[in-house]
Amino acid sequence: MGCGGFPLNVVTALTLQTPAGVQSLDVSHPELVLRHLIGLLKAYPVQAIKTGMLGSGGIVKALTETVSRYPEIPLVVDPALRSTSGRPLLDEDGIQELKNGLLPLCDLITPNLLELAELTSRDGILSGPEERDAAQQLLEAGCGAVLVKGGHREGDSVRDMLYSRDGEQEFPGERVATPNTRGTGCSLASGIAAGMAASRDLPSAINQAKSMLQNSLELHKDVVWPGSGPAM
């Protein structure tokens with residue numbers, strides 16, 4: 001809501017997360033997700049859709065079939081493939097459904113460097129020409145644009161890079177020294193979706209979302225939590 005949007009939520013999974021990582025993960029049934037999604041789309045004037053953790057191939061397939069009927073609604077895909085501790089958040093069938101079905105429909109995908117590598121069958125943290133080539137691969141698969149998040153870059157820079165058919169654009173940022181970083185990627189993608197819902201062009205939506213996230217990280221950097229706290 002910090003970017004002017006009113007969020008409507010479809011629950012794809014219930015998780016138990018502690019400072020030690022994801023302890024349990026119960027994925028929703030695809031039919032339940034589909035029923036909730038269609039119900040919200042029919043009841044409200046939805047102006048953007050943003051996905052996060054999807055859990056299973058069945059959910060990705062149901063989502064793909066539904067959003068394909070709403071091409072006028074911008075789609076932002078935050079490819080939550082693994083938790084910070086490394087636990088898979090999307091099964092193998094889901095990854096294939098994501099690549100082959102959902103990605104060609106999305107207006108923007110927001111992978112971090114590790115997710116970019118996994119989605120393009122590469123290893124490790126990509127940089128330079130490898131990053132550019134991997135982003136181009138996603139564009140060729142049908143994505144409207146690719147925003148590579150810079151949180152895994154070395155040094156004090158958290159430079160995000162936007163790749164599209166119009167070229168490249170850099171969005172600089174400074175790393176905030178804080179353990180409270182849970183949900184940074186989700187918050188950024190959600191903020192961008194809110195900007196797109198308000199008919200902002202993509203660079204403006206990205207700048208607004210980055211500013212919101214940066215301000216929140218600065219504001220909460222010294223808040224003490226048992227383990228890593230939330231970014232927002």
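Highlighted here would be strands (runs of 3 or more DSSP E) found entirely within region 1-105 that include at least 1 residues which are among the aromatic types (Phe, Trp, Tyr), but there are none. Restricting the search to region 143-158, which residues are more than 17 Å from the chain's Cα centre (by Cα) and either under 15 Å from ASN207 (Cα atoms) or part of a loop (DSSP other than H, G, I, E, B) (or both)? Scanning region 143-158 gives ARG153, GLU154, GLY155, ASP156. Of these, ASP107, ASP26, which one is over 23 Å from ASN207 (Cβ atoms), charged (D, E, K, R) and either out of contact with any Phe, Trp or Tyr (no Cβ under 7 Å at 6 or more places or on another chain) or at pLDDT 95 or above (or both)? Exactly one residue qualifies, and that residue is ASP26. Scanning region 84-129 for residues that are under 17 Å from GLY150 (Cα atoms) and surrounded by 14 or more Cβ atoms within 10 Å (Cβ to Cβ) yields a count of 14. Of all positions in region 220-231, at least one carries a residue that is surrounded by 20 or more Cβ atoms within 10 Å (Cβ to Cβ) and touching a helix residue (DSSP H, G or I) at 6+ places or on another chain (Cβ under 7 Å). Scanning region 136-194 for residues that are among the basic types (Lys, Arg) and over 16 Å from CYS106 (Cβ atoms) yields ARG153, ARG159, ARG175, ARG182. The number of residues in region 159-184 that are under 16 Å from the mean Cα position of the chain (by Cα) and at pLDDT below 85 comes to 4. Of the listed requirements (1) buried (at least 17 other Cβ atoms within 10 Å of the Cβ); (2) closer than 16 Å to GLY142 by Cα, VAL60 misses just one: (2). Inside region 32-61, residues that are among the charged types (D, E, K, R) and in contact (Cβ under 8 Å) with a residue 24 or more places away in the chain make up a count of 2.
The values are calculated or read from the model by the stated rules, or taken from the named source; none is laboratory data. Everything numeric in this text was worked out from a predicted model, so none of it was measured. Heads up, the Cβs are rebuilt from the backbone with ideal geometry, glycines too, and the neighbour counts pull from every protein chain shown.
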